[in-house]
Each structure stands twice: as C-alpha cells, then as structure tokens.
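To start, the structure under review is shown below, and the notes come after it.
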Amino acid sequence: MTLVKYLAFPVVIIAVGAAYWFLSYEAAGTAMLVIFGIAMALMGWILVPTFGDVGPTAPVDPDWHERDS
C-alpha cells in the first residue's frame, strides 16, 4: 500500500475536525476529532506495515513441548 492509502482516513477525520471548528467554534468536539485523526495516523504508520507478517519471529523447536519434563 502507498502512503496515500495509509493517510487517507486520518486526513479525512482531521478535515472533518477542521470543518467542525469553522462551522461551530466548539473546541471540545474539534479537539476530539483532531486527536482521533492523529491517533489513526500514528496507528497506520506503526501497525499497517506489519499486516503481512505471519508466524513466529524466533526459530521453533519441533521436538519441544511444554508438558514434556
């Protein structure tokens, strides 16, 4: 995926927050929308690139079992 696809949803949320500010001058709702948009952008930047990762990150010993002592 491209950066544009990652940022499209957060940018729309922040734009709605900006439009809400200019139409209502209400700070609390605007702040919640903008902070949510920033959080979505941060989540997309950090988590979305890991969606294709599967499986364990360490080698697995096929002979080991937790109940074998």
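Quick check on residue 39: is it surrounded by 10 or more Cβ atoms within 10 Å (Cβ to Cβ) and either at pLDDT 90 or above or not basic (Lys, Arg) (or both)? Judged against the criteria, residue 39 is a match.
In the range 46-69, the residues that are under 30 Å from residue 5 (Cβ atoms) reach residues that are at pLDDT 75 or above and of a type in the set (D, E, K, R) with C-beta atoms within less than 9 angstrom, at least six apart or across chains, in these pairs: 48/5.
Scanning the range 9-27 for residues that are in contact with a helix residue (DSSP H, G or I) (Cβ under 8 Å, 6 or more places away or on another chain) and in a loop (DSSP other than H, G, I, E, B) yields a total of 1.
The values are calculated or read from the model by the stated rules, or taken from the named source; none is laboratory data. Predicted model only: the values in this text are computed from it and were never measured. For neighbour counting, all protein chains shown are included, and Cβ atoms are generated from backbone atoms with ideal geometry for every residue, glycine included.
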